[in-house]
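A.B. asks: Okay, here's the structure, questions in a sec.
Each value in this text was obtained by applying a stated rule to the coordinates, not by laboratory testing. The structure displayed is predicted, hence computed values, not measured ones. Cβ: placed from backbone, ideal geometry, glycine included. Neighbour counts: every protein chain shown.
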Amino acid sequence: MSRSAIVIGGGLAGMLAASALSQSLDQVTILERDTLADAPQPRKGLPQGHHAHVLLPSGRDAIEALIPGVSIRERLLAAGAREASLTSLITLGPEGWFRRWGHHDHLLLTASRDLLDWTVCDAVLGTPGVNLHTAQAVAPLGNAERVTGVRISAADGEEAELSADLVIDASGRGSRAVHWLGEVGIRDVPESIVDSGLVYASRLYRVPEGAETFPLTQVTANPFASELGRSANLVPIEGNRWLVSLGGTRGGEPPADAEGFVRFALGLRHPIVGQLISGAEPLSEVTRTRSTRNGRRYFEKAATWPEGFVVLGDAVATYNPVYGHGMSVAALGTQALHRELQQSGVATPGFARRVQRAVAKPVGAAWAMSTSQDRWFPGVQGSAPTVADRVLSRYTRRMTRVATSSYRVSAAMCDVTTLQEDAIRLVHPSLLLATLAGPVMPALSGPPLTADEHAMLHALDRGGNDR
């Protein structure tokens, strides 16, 4: 018997879902309201695409597994994407500068979001049985017991109904899944928001001659200092460019003008990012976004769930983008879908509910990390820190301080923050003892730069803030 699925949304989560489904079903239709280009370029439905993105190793491995026969990593690297070890970046964390260990581990892939999405899209749309249909999904068809398809609206406004055995809502943060479920009587989906009011401002720069190997550099906000959270990320991407993203929480937002952009970066806890860009050639205007809040929909907690309906990606949860979890959580959630497809199949009773509950695991891990930091910033909207949060934060702050001078502790924290290990890893007896013992080396007084990097920073600095 022929089986089919409809995927609402042609972004990263939707494309990965289509690839997973194509390995078990006969026909997969992707519904996307935007016209997808045949080359990497900005997409209207992805306003945050202008800002810095990193693909964590957990997300990279999940994507590689979900699209068999094609190495997305190799395609991205061939197109100019960069790869860097998380333990070898230039990072000023809440507890000081991290040492750079030179290990080739916890590899991050850095590229523009346009290139990332297009590379995945190009691979998936070449898969037999996967079809792209440019149309707006109006609402799922069916009731509280079963979803049977989707009502769509074409560009000319004409509506039609498409039937399917499974409908995947991967329509992103604008998903109307909660609204639709309410219309059919499922009104017990809890929602949670933790919003620090973060604004992101980004700009592209040409990498200066001689700085081609300058590493990803970040000055993070300190959520525990009872001050506005301001940060900067300088991310090498394809095309010999730096994508620089500045962040500021409510009351400390980065400006949208070119001069103010550099001035903001120079005024952070350390001016290194401002120094680097003050002497670099800008390639774009400053772009800002406010779509940065942490928001979660607990679909897995609904008392009843319709057969034939699954929600994935940003339609389930969104996170402060500074933590870099969104793409990887979408890929890990899609892996949960793929595993259930291999074990039981879409026609098995309870299939959709099992998938939805499995999707919640990587969502929960990323949610805990993001909100445990953001809820400490002044003016945050959402739940305040609990007693348990305060105890946990004291432990994690001390562990972070130790990690600045211990590769073993730093690597363990990276295992968790990159979603490769559960957070329980951080209370392993050996790590607990190391944390209680305290740092093994004195704190660094400045960024851990090589002689060549120091020279490059000095040559580029137009802000007079070299320190």
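A.B. asks: Starting from 0.36 nm per residue, how many nanometres of slack lie between Arg75 and Ala155 once their C-alpha separation is accounted for?
C.D. replies: Working: separation 80, 0.36 × 80 = 28.80 nm, distance 3.29 nm.
Stretched fully, the Arg75-Ala155 segment lengthens by 25.5 nm.
A.B. asks: Same structure, new question: How would Arg173, Arg60 line up from fewest to most surrounding beta-carbon atoms within 10 angstrom?
C.D. replies: On the way: Arg173 16, Arg60 21.
Neighbour counts put them in this order, fewest first: Arg173, Arg60.
A.B. asks: For the range 1-133, what relative contact order do you get, as a whole percent, if you take Cα pairs closer than 8 Å and at least 6 residues apart? Mind dumping the intermediate values first?
C.D. replies: Details: 205 pairs, mean separation 45.1, N = 133.
This gives 34 percent for the range 1-133.
A.B. asks: Could you point to the residue in His50, Ala37, Leu86 farthest towards the positive end of the range 20-153's charge dipole, with +1 and -1 charges on the Cβ of Lys/Arg and Asp/Glu respectively?
C.D. replies: His50
A.B. asks: As an exercise, use a Förster radius of 35 Å and the Cβ-Cβ distance of Val387 and Arg269 to find the FRET efficiency, rounded to the nearest 0.05. Each step should come with its number before you reach the end.
C.D. replies: Details: r = 29 Å, r/R0 = 0.82.
Calculated transfer efficiency: 0.75.
A.B. asks: Could you give the length gained on full extension between Ala225 and His104, defined as 0.36 nm per residue of separation minus the Cα-Cα distance, in nm? Each step should come with its number before you reach the end.
C.D. replies: Details: separation 121, 0.36 × 121 = 43.56 nm, distance 3.25 nm.
In short, 40.3 nm is gained.
A.B. asks: For the range 285-301, in order, what is each residue's ³J(HN,Hα) by Karplus, 6.51 cos²θ - 1.76 cosθ + 1.60 with θ = phi - 60°, in whole Hz (x at glycine and Pro)?
C.D. replies: Per residue, the Karplus-derived 3J(HN,Hα) values read 7, 7, 10, 10, 9, 10, 7, 10, 6, 7, x, 9, 10, 8, 4, 5, 8 Hz.
A.B. asks: To the nearest 20 Debye, how big is the dipole of the range 104-182 about its Cα centre, given +1 on the beta carbon of each Lys and Arg and -1 on that of each Asp and Glu? It would help to have the intermediate numbers written out before the result.
C.D. replies: Values: 5 positive and 11 negative charges, 46 e Å.
That gives the range 104-182 a dipole magnitude of about 220 debye.
A.B. asks: If we count other beta carbons within 10 Å of each Cβ, what is the order of Thr148, Thr292, fewest first? Please report the intermediate quantities before stating the final value.
C.D. replies: Numbers: Thr148 18, Thr292 21.
With the sparsest Cβ surroundings first, the list reads Thr148, Thr292.
A.B. asks: Given R₀ = 22 Å, what would the calculated FRET efficiency be for Glu259 paired with Ala459, taking r from the Cβ atoms and rounding to 0.05? It would help to have the intermediate numbers written out before the result.
C.D. replies: Working: r = 21 Å, r/R0 = 0.95.
With R0 = 22 Å, the Cβ-Cβ based efficiency is 0.55.
A.B. asks: Around Ala52, under 14 Å between beta carbons, what's the net of Lys plus Arg minus Asp minus Glu among the other residues?
C.D. replies: On the way: positive: Arg82, Arg113, Arg203, Arg241, Arg288; negative: Asp114, Glu238.
Here the charged neighbours net out to +3.
A.B. asks: If you fit an axis through the alpha-carbon atoms of helix 351-374 and take the longest principal axis of the Cα set of the chain, what angle between them do you get, 0 to 90°, nearest 10?
C.D. replies: In the chain, helix 351-374 runs at an angle near 20 degrees to the longest axis.
A.B. asks: Nearest 10 degrees is fine. How inclined is helix 326-343 to the longest principal axis of the chain, computing both from alpha carbons?
C.D. replies: Taking the Cα atoms of the chain, the angle to 326-343 is about 40 degrees.
A.B. asks: How are the C-alpha pair distances of the range 383-437 spread across 10 Å bins, as whole percents from the shortest bin up?
C.D. replies: That works out to 24, 54, 21, 1, in percent per bin.
A.B. asks: What number, rounded to the nearest 500 deg cm²/dmol, is the helix-based mean residue ellipticity at 222 nm of the chain, given -39500 (n - 2.57) per DSSP H run of at least four residues and division by all its residues?
C.D. replies: On the way: 13 runs with 152 residues, N = 467.
The helix-only estimate for the chain comes to -10000 deg cm²/dmol at 222 nm.
A.B. asks: For a Förster distance of 35 Å, can you work out the FRET efficiency between the beta-carbons of Glu212 and Thr134, rounded to the nearest 0.05? Provide the component values of the computation, followed by the final result.
C.D. replies: Details: r = 39 Å, r/R0 = 1.13.
Here the calculated transfer efficiency is 0.35.
A.B. asks: Next question. Round to the nearest 10 and give me the degree value, 0 to 90, for the angle of helix 113-124's Cα axis relative to the longest principal axis of the chain.
C.D. replies: That works out to roughly 40 degrees.
A.B. asks: May I pose another question? Pull out the extension gain between Arg425 and Ser344, defined as 0.36 nm times the separation in residues minus the alpha carbon to alpha carbon distance; nm, one decimal. Display every interim value, and only then the final one.
C.D. replies: Values: separation 81, 0.36 × 81 = 29.16 nm, distance 3.11 nm.
In short, 26.0 nm is gained.
A.B. asks: Determine ³J(HN,Hα), in whole Hz, for all residues of the range 189-203 in sequence, where each value follows from phi through the Karplus function 6.51 cos²θ - 1.76 cosθ + 1.60 and θ = phi - 60°; x replaces Gly and Pro.
C.D. replies: Karplus-based 3J(HN,Hα) across the range 189-203 equals 8, x, 10, 9, 9, 10, 10, 8, x, 4, 10, 9, 10, 9, 8 Hz.
A.B. asks: Put +1 on the Cβ of each Lys and Arg and -1 on the Cβ of each Asp and Glu in the chain; which of Leu432, Ile237, Pro128 then has its Cα farthest toward the positive end of the dipole?
C.D. replies: Leu432
A.B. asks: When a footprinting reagent is the concern and you count Cβ atoms within 10 Å, what order do His103, His270, His325 take, fewest first?
C.D. replies: On the way: His103 14, His270 19, His325 28.
So the ranking, lowest neighbour count to highest, is His103, His270, His325.
A.B. asks: Does anything in the range 310-334 have its amide N under 18 Å from the 7 Å Cα→Cβ label point of His179, and if so which residues?
C.D. replies: In the range 310-334, the label zone of His179 (backbone N under 18 Å from the point 7 Å along Cα→Cβ) covers 311-312, 314-318.
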